[in-house]
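The values are calculated or read from the model by the stated rules, or taken from the named source; none is laboratory data. Every value quoted in this text rests on a predicted model; they were computed, and no experiment measured them. Cβ atoms come from the backbone with ideal geometry, glycine included; neighbour counts cover every protein chain shown. Remember, those area values only see protein heavy atoms, side chains included, never the ligands or the DNA or RNA. Shrake-Rupley method; radii C 1.70, N 1.55, O 1.52, S 1.80 Å.
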Amino acid sequence: MKTIERKSLLYKSGVEYADFCLNHVEGCSHGCKYPCYAYMMKKRCGVIKTYDEWCEPKIVSNALDLLDKEIPKYKGKIKYVHLCFSTDPFMYNQEQVCDLSLKIIEKLNLNEIRCTGLTKGIFPKELGKRNGFSRNNEYGITLVSLDENFRKEFEPNAAPFESRIRALEYLHEKGFKTWVSMEPYPTPNLINQDLKSLLKALSFVDKIIFGRLNYNAKSSEFKYTKEFYNSLALSVIAFCKKNKIDYHIKQGTQN
Ligand code: SF4
């Protein structure tokens, strides 16, 4: 795998529900075609030139050294560190990325810093060990459908939905807090599906985040976007209240 060096790693996130964050890989082999917001931003800034380049991840070779320098600097300010917003920490079939993510989480936990991880890959079983500070970590998957044909079209190299769910369920059974990010949820002109079956498949999680799809030309042709997302957001809220699950409806999803 190609490598790059960075000058810094930890940063305070501007995302509405997050704290500190890090991205220890440039690019992501999952190659999501919603499109991927991180890819769009990197392309706009000229960091990445093409989709193929984005799909060939480069690991940050000095990530662990940077953490050694930055942890003492930020430790008092960090509530938790999220992996990741601009790449995927457990990229499917990318062993080197997964190994580095495990090392980063271990280092942060040894410094009594809690981690959260979000993936469209498969969480490794190693994360199931609840030693020391690691017991405070929280894990989530992104899941917007149960249809594998849709997954192959929109998340071509990400993990199959079923394996994603089973790996998250394993961590739930080990006592970790888990969540699902149902975002970006597709409009019916991309796939006609039943949100209820998706909610049912994820009913073991502690929290559901629901958000609309943006920046997709075909989706924006759908005439009843506002009504559609309003109705689905209400269904998510009702399901979560009934099943005592926390929820967060992303800004701009519900009017
Ligand atoms: S998994 Fe996330 S970072 Fe990777 S391509 Fe998909 S949306 Fe982008």
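Structure summary
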{"read-out": "Relative contact order for the stretch 55-141, counting Cα pairs under 8 Å that sit 6 or more residues apart, in percent", "value": "29 percent"}
{"read-out": "Separation of alpha-carbon centers, the stretch 195-215 and the stretch 2-47, rounded to whole Å", "value": "23 Å"}
{"read-out": "Efficiency of FRET between GLN193 and HIS172 - r from beta-carbon atoms, R0 30 angstrom, step 0.05", "value": "0.80"}
{"read-out": "Net charge contributed by nearby residues that have their C-beta within less than 10 Å of THR187 (K/R +1, D/E -1)", "value": "+2"}
{"read-out": "Over the stretch 99-196: Rg over Rh, Cα atoms, Kirkwood Rh", "value": "1.04"}
{"read-out": "Mean separation of Cα contacts under 8 Å, 6 or more apart, over the residue count of the stretch 82-187: relative contact order %", "value": "28 percent"}
{"read-out": "Cα→Cβ-extended label distance, 7 Å offset, between ASP99 and GLU162, nm", "value": "3.0 nm"}
{"read-out": "Extension gain, ASP68 back to TYR224 (0.36 nm per residue minus Cα-Cα distance, nm)", "value": "51.1 nm"}
{"read-out": "Where trypsin sites (Lys or Arg not before Pro) fall in DSSP loop in the stretch 149-248, at most 10 other Cβ within 10 Å", "value": "LYS223, LYS244"}
{"read-out": "The stretch 1-89 - accessible surface per residue (Å², probe 1.4 Å)", "value": "50 Å²"}
{"read-out": "Estimated FRET transfer efficiency when R0 is 22 angstrom, pair PHE133-ILE4 (beta carbons, to 0.05)", "value": "0.15"}
{"read-out": "Computed over the chain: relative contact order in percent, which uses C-alpha pairs under 8 Å that are six or more apart", "value": "16 percent"}
{"read-out": "Computed over the chain, the ratio Rg/Rh where both radii use C-alpha atoms and Rh is Kirkwood", "value": "0.95"}
{"read-out": "Computed helical MRE - 222 nm, the chain, DSSP H runs ≥ 4 contributing -39500 (n - 2.57), nearest 500", "value": "-10000 deg cm²/dmol"}
{"read-out": "Surface share of carbon and sulfur [accessible, 1.4 angstrom probe, percent] for the stretch 178-248", "value": "50 percent"}
{"read-out": "Rotationally averaged projected area of the stretch 1-125 (alpha carbon convex hull; nm²)", "value": "7.7 nm²"}
{"read-out": "In the stretch 47-154, the GluC sites (Glu not before Pro) that fall in loop regions by DSSP, at most 12 other Cβ within 10 Å", "value": "GLU112"}
{"read-out": "Spread of Cα-to-Cα distances over 10 Å intervals beginning at zero, given as percent, for the stretch 159-245", "value": "15, 46, 30, 9, 0"}
{"read-out": "All lysines inside 30 Å of LYS73 as judged from Cα atoms, apart from same-chain residues fewer than 8 positions distant", "value": "LYS2, LYS7, LYS12, LYS42, LYS58, LYS103, LYS107, LYS129, LYS177"}
{"read-out": "Loop-resident sites, the stretch 79-120, for trypsin sites (Lys or Arg not before Pro), counting at most 13 other Cβ within 10 Å (DSSP)", "value": "LYS79"}
